Each structure stands twice: as C-alpha cells, then as structure tokens.
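Inspection log for the structure reproduced underneath, given as structure tokens.
The values are calculated or read from the model by the stated rules, or taken from the named source; none is laboratory data. Everything quoted here is computed from the prediction, not taken from an experiment. Cβ coordinates were reconstructed from backbone atoms using ideal geometry, including for glycine residues, and neighbour counts include every protein chain displayed. Accessible surface is based on the protein model in full, side chains and every heavy atom, while ligands, DNA and RNA are left aside. Shrake-Rupley method; radii C 1.70, N 1.55, O 1.52, S 1.80 Å.
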Amino acid sequence: MTTPAQTVLDLARMLPYVRAVSAIDQALWIGRPRGPLATAAEISDILERTPVARGDRRARRALAASATLSANVRETHMRLLVVALGFPIPRLQERRTLPSGRCVFGDLYFPDADHWLEIDGRGKYTSPEYTGGRTPAAVVIDEKNRENEIRREVRGFSRLEATDADHPQRVYDVLTADGLRSSKPRPRAGDSVLR
C-alpha cells in the first residue's frame with residue numbers, strides 16, 4: 001500500500017504526459033466531498049527526498065502542469081490540448097452568478113478574451129447521476145437556457161464534446177471560429193500535438 005501522493009508520483013513516472021497529468025489532477029482535485037487525496041507539495045516532497053528514479057523528469061513536468069480544479073480526466077485533457085494548440089492558459093471552473101441569480105461554473109475560461117468554454121460528456125444529458133430525474137429533453141432545454149444567459153455575459157462562448165479532445169484540428173477550428181485567437185497555426189492531420 002502506498003499513499004495517494006506516492007501512487008500518483010509512481011504513475012506520473014511511467015504514464016504518457018496527458019495520463020500522468022490526469023492522475024495527478026484527480027489526486028489534487030479540491031471538489032471531492034472529502035477534499036483532495038494529496039497536495040502538490042506532498043508529491044513534490046516525495047519526489048525531492050527519494051533517490052533519483054527513472055521517470056522523474058516526466059513526473060516533474062506532469063506535476064508542473066497539474067491543477068486542483070480539473071473535475072475530470074477530459075477537462076485535464078482539453079486544458080492541456082488548448083494550451084498546446086497555442087490558445088491562452090485558461091482558468092478552470094470559472095464561477096459566475098448570472099442576472100437570474102443562477103450560479104454557474106465554466107469548465108475553461110480565457111479571461112483576456114472573456115471567452116467561456118463548456119466541455120460536455122454525453123452523461124450530462126443521459127446519466128441518472130446528472131439528470132436528477134429529468135428527461136433528456138428537459139436537461140437539454142435547461143442547458144440551452146443556461147448557455148443563452150452565459151452568452152449575454154461574455155464576449156465569446158464555445159461548446160465542445162469531451163471526445164473532441166481526441167481531435168486537435170476540430171478543437172482548433174471550433175475555438176478559432178468562435179473568436180478565440182491562437183498563437184500557433186492549425187495543426188495538420190496526424191500532428192502529435194500533446195507529447
């Protein structure tokens with residue numbers, strides 16, 4: 001048995017970049033009802049006080065890219081992808097109280113561009129865990145009304161499906177079409193954007 005901090009460090013030493021950051025993000029996630037499983041300081045402390053091991057450089061890179069507010073693996077993946085595509089570093093879980101009084105959180109928010117990005121998995125519309133007894137149609141209508149209200153509060157708004165993170169060109173095209181600027185050209189088919 002190892003602590004959560006040791007476990008994610010061990011994973012980060014051997015997993016590919018996105019999966020390593022995702023593992024750390026999930027351990028650091030502050031939205032868990034009982035709080036995070038580990039802190040970045042705990043992981044870093046173990047890394048610093050143990051003998052040099054294979055994968056330490058990989059783990060340091062993943063730890064440096066980690067965040068405490070990535071609610072799930074797809075949010076981590078999308079966050080890493082948009083930065084690799086040349087878009088600004090976003091804030092996670094942007095909180096706003098809308099004129100209706102409704103409190104909303106945006107998955108990724110680009111403050112300089114005032115651009116809001118929603119990343120939806122299909123479970124949001126179909127899983128009993130998220131629908132709260134509502135029909136899928138009711139969930140879609142509620143989400144559309146929420147989107148309309150958010151759009152009136154920001155300059156730019158984009159919506160991506162979680163699986164779009166597997167298609168960098170699609171993500172680039174949607175975000176640029178919605179007015180978000182990138183410092184990089186559109187990736188070519190087959191380009192390895194995240195390494």
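Conditions (1) open to solvent by less than 40 Å² (accessible area, probe 1.4 Å); (2) touching a residue at least 60 places away in the same chain (Cβ under 8 Å), marked per residue:
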residue	(1), (2)
LEU9	yes, no
LEU15	yes, no
GLU42	no, no
ARG54	no, no
ARG74	no, yes
ALA84	yes, yes
PHE87	yes, yes
GLU94	yes, no
Task: Restricting the stretch 17-40 to residues that are open to solvent by less than 50 Å² (accessible area, probe 1.4 Å) and outside any helix (DSSP H, G or I), the residue that is nearest to GLU75 (Cα to Cα) - done: GLY31
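A quick yes/no check of all residues on (1) of a type in the set (S, T, N, Q); (2) modelled with pLDDT under 95:
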| site | (1), (2) |
| --- | --- |
| GLU42 | no, no |
| ARG60 | no, no |
| LEU63 | no, no |
| ALA84 | no, no |
| ILE89 | no, no |
| THR97 | yes, no |
| PRO128 | no, yes |
| THR135 | yes, yes |
| VAL139 | no, yes |
- [ ] Identify all residues within the stretch 41-51 that are basic (Lys, Arg) and part of a loop (DSSP other than H, G, I, E, B); write none if there are none.
- [x] none
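When the stretch 103-113 is examined, which residues are found to be surrounded by fewer than 13 Cβ atoms within 10 Å (Cβ to Cβ) and either in contact (Cβ under 8 Å) with a residue 40 or more places away in the chain or more than 18 Å from LEU81 (Cα to Cα) (or both)?
If the condition is that a residue be surrounded by fewer than 13 Cβ atoms within 10 Å (Cβ to Cβ) and either in contact (Cβ under 8 Å) with a residue 40 or more places away in the chain or more than 18 Å from LEU81 (Cα to Cα) (or both), then CYS103, ASP112 are the ones that fit.
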TODO: Filter the stretch 89-111 down to the residues that are polar (S, T, N, Q) and part of a strand (DSSP E or B), then identify the one that is nearest to LYS144 (Cα to Cα).
DONE: THR97
Task: Filter result for SER127 (without any contact (Cβ under 8 Å) to a residue 12 or more places away in the chain and either within 25 Å of SER22 (Cα to Cα) or among the acidic types (Asp, Glu) (or both)) - done: yes
TODO: Starting from the stretch 146-172, keep only residues that are under 18 Å from LEU98 (Cα atoms), then list their pairs with residues that are open to solvent by 30 Å² or more (accessible area, probe 1.4 Å) and in a helix (DSSP H, G or I) whose Cβ atoms are within a distance under 9 Å, requiring at least 6 positions of separation or different chains.
DONE: PHE157/ARG151; SER158/VAL174; SER158/ALA177
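For ASP10, are the conditions met, namely being under 13 Å from THR68 (Cα atoms) and not hydrophobic (A, V, I, L, M, F, W, C)? Outline the logic, then answer.
Working: under 13 Å from THR68 (Cα atoms): no; not hydrophobic (A, V, I, L, M, F, W, C): yes.
No, not satisfied.
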